[in-house]
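Colleague: What follows is a single structure, and I will ask about it in a moment.
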Amino acid sequence: MKKGRLTFDNESCKGCELCVTFCPVDILSLDKERINSHGYNLISVSDMDKCIACAQCAIVCPDSVIKVEVLEA
Ligand code: SF4
Ligand code: SF4
């Protein structure tokens, strides 16, 4: 099983939650505590080990915030 490691360009995030909606393993959520300099809440990953590197989150993000690194094939 592929695993993924995400990195976020947090200053570009607008907190739209599209990535949250599309993640098939439900590990993304809007973080109520972390906010970028534009006033948008950021996305947190609950359990990175469950990421299957499908890249759905990166594909749907309208602001290219998320990069998915594939760790193993
Ligand atoms: S790459 Fe896929 S499994 Fe990993 S966080 Fe993004 S949508 Fe979820
Ligand atoms: S889809 Fe992109 S802009 Fe929207 S909340 Fe997720 S990372 Fe932020």
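The values are calculated or read from the model by the stated rules, or taken from the named source; none is laboratory data. Quick caveat: nothing in here was measured; it's all calculated off a predicted structure. Every residue, glycine among them, receives a Cβ derived from its backbone with ideal geometry; neighbour counts consider all protein chains shown.
Colleague: Looking only at region 16-51, count every residue that is closer than 11 Å to CYS61 by Cβ and away from ligand 1 (no atom under 11 Å from the Cβ) and tell me the total.
Modeller: Residues in region 16-51 being closer than 11 Å to CYS61 by Cβ and away from ligand 1 (no atom under 11 Å from the Cβ): 2 in total.
Colleague: With the structure loaded, tell me whether GLU11 is more than 10 Å from ligand 1 (Cβ to nearest atom), acidic (Asp, Glu) and not in a helix (DSSP H, G or I) or whether it fails that test.
Modeller: On the way: more than 10 Å from ligand 1 (Cβ to nearest atom): yes; acidic (Asp, Glu): yes; not in a helix (DSSP H, G or I): no.
Considered against the rule, which asks whether it is more than 10 Å from ligand 1 (Cβ to nearest atom), acidic (Asp, Glu) and not in a helix (DSSP H, G or I), GLU11 comes out as no.
Colleague: Kindly provide the set of residues from region 20-73 that are in a strand (DSSP E or B) and closer than 12 Å to LEU6 by Cα, ordered by number.
Modeller: Answer for region 20-73, where residues must be in a strand (DSSP E or B) and closer than 12 Å to LEU6 by Cα: LEU28, ILE43, SER44, VAL45, ILE66, LYS67, VAL68, GLU69, VAL70, LEU71.
Colleague: Related question: I'd like the residue in region 20-55 that is more than 16 Å from PHE8 (Cα to Cα) and among the basic types (Lys, Arg) and, out of all such residues, is surrounded by the most Cβ atoms within 10 Å (Cβ to Cβ).
Modeller: Top of the filtered list is LYS50.
Colleague: Return yes or no: is LYS32 under 10 Å from the mean Cα position of the chain (by Cα) and among the charged types (D, E, K, R)?
Modeller: It is false that LYS32 is under 10 Å from the mean Cα position of the chain (by Cα) and among the charged types (D, E, K, R).
Colleague: Then there's this: For LYS2, state whether it is surrounded by fewer than 16 Cβ atoms within 10 Å (Cβ to Cβ) and at pLDDT below 95.
Modeller: Taking the combined requirement at face value, the residue satisfies it.
Colleague: Related question: Is it the case that LEU42 is within 8 Å of ligand 2 (Cβ to nearest atom) and touching a Gly at 6+ places or on another chain (Cβ under 8 Å)?
Modeller: Working: within 8 Å of ligand 2 (Cβ to nearest atom): yes; touching a Gly at 6+ places or on another chain (Cβ under 8 Å): yes.
Judged against the criteria, LEU42 is a match.
Colleague: Only one of these conditions is not met by SER29: (1) more than 11 Å from ligand 2 (Cβ to nearest atom); (2) touching a helix residue (DSSP H, G or I) at 6+ places or on another chain (Cβ under 8 Å); (3) of a type in the set (Gly, Ala, Ser). Which number is it?
Modeller: Condition not satisfied by SER29: (1).
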